[in-house]
Structures are given as C-alpha cells and as structure tokens.
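Trainee: Let me begin by handing over the structure; questions about it come next.
The values are calculated or read from the model by the stated rules, or taken from the named source; none is laboratory data. From a predicted model like this one, the values you see are computed outputs, not experimental measurements. Don't worry about glycine lacking a Cβ; one is built from the backbone with ideal geometry, like all the others, and counts go over all protein chains shown. Just so you know, the surface numbers come from the protein's heavy atoms only, side chains and all, with ligands and any DNA or RNA stripped out. Shrake-Rupley method; radii C 1.70, N 1.55, O 1.52, S 1.80 Å.
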Amino acid sequence: MRSKADHTAAIHEHRRAALVVNTRSRRGRRHYAEVLHLVQAANFQLTGVHPITDPSRLREIVERALSAKPDLLIAGGGDGTLSSTIKHVAGKDVALGALPLGTTNNFARSLGLPLDLQGAVRVLTEGKVADIDLGLCGDRPFANLASFGVSVEVAGTVRPWFKRLVGRAAYPLTAMRVLPGHQPFRAYITADGRRHELLTHQLNIANGRFHGGWQIARDAGIDNRMLVAYQLGSGKRLRLIGETLVRATTGRWRSLAGGPFVTGSEILVETDPPMAADIDGEVRLRTPLVIKTIPNGVRVMVPQDFVDR
C-alpha cells in the first residue's frame, strides 16, 4: 500500500474517485443531485456513479465501484450505509470519503467532518488520508457501535418516516415507547482480565466517539486502539428514561476516567439471557461475543486537523 502522504497527494492531484449514494437514506434521495453536482464541481474524475435504491444490493454495488480501482470511494448515506461500505474498503489501498446523509451521522462526527455537504466535499479536496480503527464483533467489522438491550428493539421499531420528521430524536422517543415492556438483563463484561457485572436495559460497546449524535465522552476516540463499554441507566426503567432524556437534550460530556465506563482493546460480552447484538444497525449475532479493535484498519479522508495516531 502507498504511504498515507502519497495517497493524499494522489487524491489531491488526480481526483480519481467512485461515487456511491444510498438514495434510501434520510437525506440521500433529496440531496442526490446536489451531491453529484458538488463532486463534479470539485473536479473529481469519477470512475462510476452508483445510486443505491435497494440496500440489499449495497455489497454488490460497492464491489463494482471498487473494481475500477479509484483512489477514493465517496460514500453518501447514514451510519448503516457507511459502516457497511467501510467493511469493503478495510485493508485496501483506497480511502473512504464520507458524506453524512443520515439521521445521527455518528461516524462523520467521530471523524470531525462538517455535517453540511459543501463542507464535507471540501474535506475530500483539502483534507488528508488517515487510518482509523475498526471494531470487530464476532466476525463482523463495524465503525461505530455494538449494542444490546432496548436499542435492538428500537432499531426494529423506529419508522423511516419518523426519522425523516424528527431527525435524531426519533431514537430516544421510540425508546420511550418500547421501554415499558422491556425486561432488564444481566451483563458480564470482561476487559483486561477484569470481569464486571451489571443489571441494565441497555449496554453499548463503542469504537467511535458518538452515539445518537451526542459525544460519549470528551476523551473517547475512533483512533485510539480502545473500545468503550457503558450502560445507560440501570435495571430501573425510570433511571434509563432519565439518562436518555439527559443525553437527548444536553449530550453530556464526561471523561472516560470519571464516568461509568469500561475500556479495553478486547472485550468479552456475556448476557443472561443470551441476547441479540445491534451492530451499526444490523441485528445478526448473539451473545456471548468477543469484541475487539482492528488498529488502523481502514483509510478515510479527514480534515487536516484530525489527530492521526
């Protein structure tokens, strides 16, 4: 693979890129024409333009886009689209350029990207190539978050029209509706040889810095070789409701050293009863699960001031 400096120079000079846009995402269909215009106006030499109208074909379309050997794969969509796309870029001599077109845009926020399209495209032309960590849950790479509990039910319940209407508040509002019938579970988290036990309705294991559009902690990061495990609330529904409302209205910033966090490069998650995992929006695996980091697993375009470790 090229050095990151050579890769950056190639993107700046040749602007050879493929464009993939999920037109089923919250803003993808509405802004598809604008995305295409901005990318072309930035003088990118497009090897292909690939709108996704059927998310089940995302893998096929991304692989077709990569077959043209672009220096940059520009992907527009929400966190689910970007996380699914990143798996096909990981370990390859191509950088991912993210255009935030989703509801919460946690991945874009973790990279420090502007959330407006003009600003995000400017990063593609003026930014740099960095390599960031991926999470690995079982055999499935992910960009942002593996979660257990009420969020799995929320992911299957929240309606696309509701996300379009109220944006990122759709998730905590849907959780309020789901929670009364949800039962708490016992989780066992093992990291760095220490086993932690908790009773909760919601457990998250984060690779990125943001969840639900709010920062997890001011010193969390997507490029620090570290996963962050934390619960929302406890086994009591009222406490979870309180913490969810606080995060939904203030996005509380806390230090990893001063909050209820367990950190490590590899975390074993066991639950009683066994539970499904929501991995960046895909519900596929069940506990027990080993979750680990893949250091510098994928190349991305980031702003010049992004700290690349």
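Trainee: Per 0.36 nm of contour for each residue apart, how much would the distance between Arg309 and Leu115 grow if the chain were fully extended, relative to their Cα-Cα spacing? Can you show the working numbers first?
Mentor: Details: separation 194, 0.36 × 194 = 69.84 nm, distance 2.33 nm.
Taking Arg309 through Leu115 to full extension adds about 67.5 nm, to one decimal.
Trainee: Keeping the other protein chains in place, figure out the carbon and sulfur percent of the accessible area of region 50-97, with a 1.4 Å probe.
Mentor: Result for region 50-97: 49 percent of the exposed heavy-atom area is carbon or sulfur.
Trainee: Amide H to amide H, which residues 5 or more places from His196 or on other chains are under 5 Å from it, using H placed in the peptide plane?
Mentor: Answer set, sorted by chain and number: Ile189, Thr190, Ala191.
Trainee: At a Förster radius of 35 Å, what calculated FRET efficiency corresponds to the Cβ-Cβ distance of Asp54 and Asp6, to the nearest 0.05?
Mentor: 0.45
Trainee: Right, another one. So, R0 is 22 Å and r is the distance between the beta-carbons of Thr125 and Arg64; what FRET efficiency does that work out to, to 0.05? Numbers along the way, then the final one.
Mentor: Working: r = 25 Å, r/R0 = 1.11.
E(calc), rounded to 0.05, equals 0.35.
Trainee: Right, something else. Which whole-Hz ³J(HN,Hα) couplings does region 182-189 yield from phi under the Karplus relation 6.51 cos²θ - 1.76 cosθ + 1.60, θ = phi - 60°, glycine and proline marked x?
Mentor: With coefficients 6.51, -1.76 and 1.60, one gets 8, 9, x, 9, 9, 10, 10, 10 Hz.
Trainee: Could you pull out every one of the aspartates and glutamates with an alpha carbon less than 13 Å from that of Lys4, ignoring same-chain neighbours closer than 8 positions?
Mentor: Reachable aspartates and glutamates: Asp71, Asp93, Asp131, Asp308.
Trainee: Once you put a point 7 Å from the Cα of Ala41 and another 7 Å from the Cα of Glu266, both along the Cβ direction, what distance in nm separates them?
Mentor: 5.0
Trainee: Can you check what the net charge comes to around Met275, using other residues whose Cβ is under 12 Å from the Cβ of Met275 (Lys, Arg +1; Asp, Glu -1)? Please list the in-between numbers first.
Mentor: Numbers: positive: Arg186, Arg286; negative: Glu153, Glu270, Asp272, Asp278.
Within the 12 Å Cβ shell, the charges total -2.
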